[in-house]
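Single-structure report; data block below.
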Amino acid sequence: MHFRSCGVPNAPDTSPLTVLARLSLKTSRDVVAARQTVAREMKARGTSTIRVTRFATAVSEIARNAIVHGDGGEISICIDARKEYLLVECRDRGRGIGDVEQAMIEGFTTAGGLGRGLGGARRLSHGFEIVTAPGEGTLVRMSAKL
């Protein structure tokens with residue numbers, strides 16, 4: 001799936017996006033707020049409970065990673081013009097991911113966790129993309145079909 005930024009108005013694409021929410025990510029309460037916002041927006045559009053739960057879980061994982069590994073950040077929640085997809089963009093201010101392929105492997109961890117965050121979020125999303133560079137932070141874009 002082709003992604004474009006939720007945070008850049010008028011970025012070129014065939015389907016304009018509407019920003020539904022932008023949330024700062026600093027504490028675990030912010031993770032809960034991001035999860036609840038995604039769930040609320042999906043439910044309001046009649047998305048099935050299982051799809052809502054799966055994507056809200058993916059968003060929780062990515063938001064938590066931004067706080068734990070990325071020194072906080074921001075999450076934007078958008079919808080495409082056809083109202084077919086909810087898109088989430090999470091940007092952190094961390095040191096970046098040195099080896100994305102390794103980070104996506106089930107069980108890989110740098111913080112002593114279960115190592116299911118990135119790979120799990122990818123599996124629970126319809127579309128998933130990571131843009132990262134050492135010293136420049138990480139941007140994760142993901143989508144869910146409504």
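The values are calculated or read from the model by the stated rules, or taken from the named source; none is laboratory data. All values derive from a computational prediction rather than experimental measurement. So basically every Cβ, Gly included, is an ideal-geometry build from the backbone, and we count neighbours across all protein chains shown.
Pull up region 70-86, narrow it to residues that are not hydrophobic (A, V, I, L, M, F, W, C) and not in a loop (DSSP other than H, G, I, E, B), then point me to the one that is nearest to Ile97 (Cα to Cα).
Let us first name the residues in region 70-86 that are not hydrophobic (A, V, I, L, M, F, W, C), namely 70-74, 76, 80, 82-85.
After this cut, where a residue has to be not in a loop (DSSP other than H, G, I, E, B) as well, the list is 73-74, 76, 80, 85.
On the way: Gly73: 15, Glu74: 17, Ser76: 20, Asp80: 28, Tyr85: 27 Å.
Among residues in region 70-86 that are not hydrophobic (A, V, I, L, M, F, W, C) and not in a loop (DSSP other than H, G, I, E, B), the one nearest to Ile97 (Cα to Cα) is Gly73.
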| query | Hey, among the residues in region 64-97 that are of a type in the set (D, E, K, R), in contact (Cβ under 8 Å) with a residue 24 or more places away in the chain and surrounded by fewer than 17 Cβ atoms within 10 Å (Cβ to Cβ), which one's nearest to Asp30 (Cα to Cα)? | reply | Arg93
| message | Restricting to region 1-30, name every residue that is at pLDDT 95 or above, among the hydrophobic types (A, V, I, L, M, F, W, C) and either over 14 Å from Glu74 (Cα atoms) or exposed (fewer than 13 other Cβ atoms within 10 Å of the Cβ) (or both). | response | none
| field | Selection from region 15-49 of residues that are within 27 Å of Arg93 (Cβ to Cβ), hydrophobic (A, V, I, L, M, F, W, C) and touching a residue at least 40 places away in the same chain (Cβ under 8 Å) | value | Leu17, Val19, Leu20, Ala21, Leu23, Leu25, Ala34, Val38
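What do you reckon, is Arg64 among the basic types (Lys, Arg) and modelled with pLDDT of 90 or more?
Numbers: among the basic types (Lys, Arg): yes; modelled with pLDDT of 90 or more: yes.
Here the answer is yes, as Arg64 does meet what is asked.
Within region 124-131, does at least one residue satisfy the condition of being at pLDDT 85 or above and part of a loop (DSSP other than H, G, I, E, B)?
At the first step, the residues of region 124-131 found to be at pLDDT 85 or above are 124-131.
The next check asks that each one be part of a loop (DSSP other than H, G, I, E, B); those that pass are 125-126.
Yes: one or more hits.
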| Of all residues in region 131-146, which are over 16 Å from Gly119 (Cα atoms) and crowded, with 17+ Cβ neighbours inside 10 Å? | Gly137, Leu146
| remark: Quick count over region 31-63, residues being assigned to a loop (DSSP other than H, G, I, E, B) and either at negative phi or surrounded by 15 or more Cβ atoms within 10 Å (Cβ to Cβ) (or both), is 3
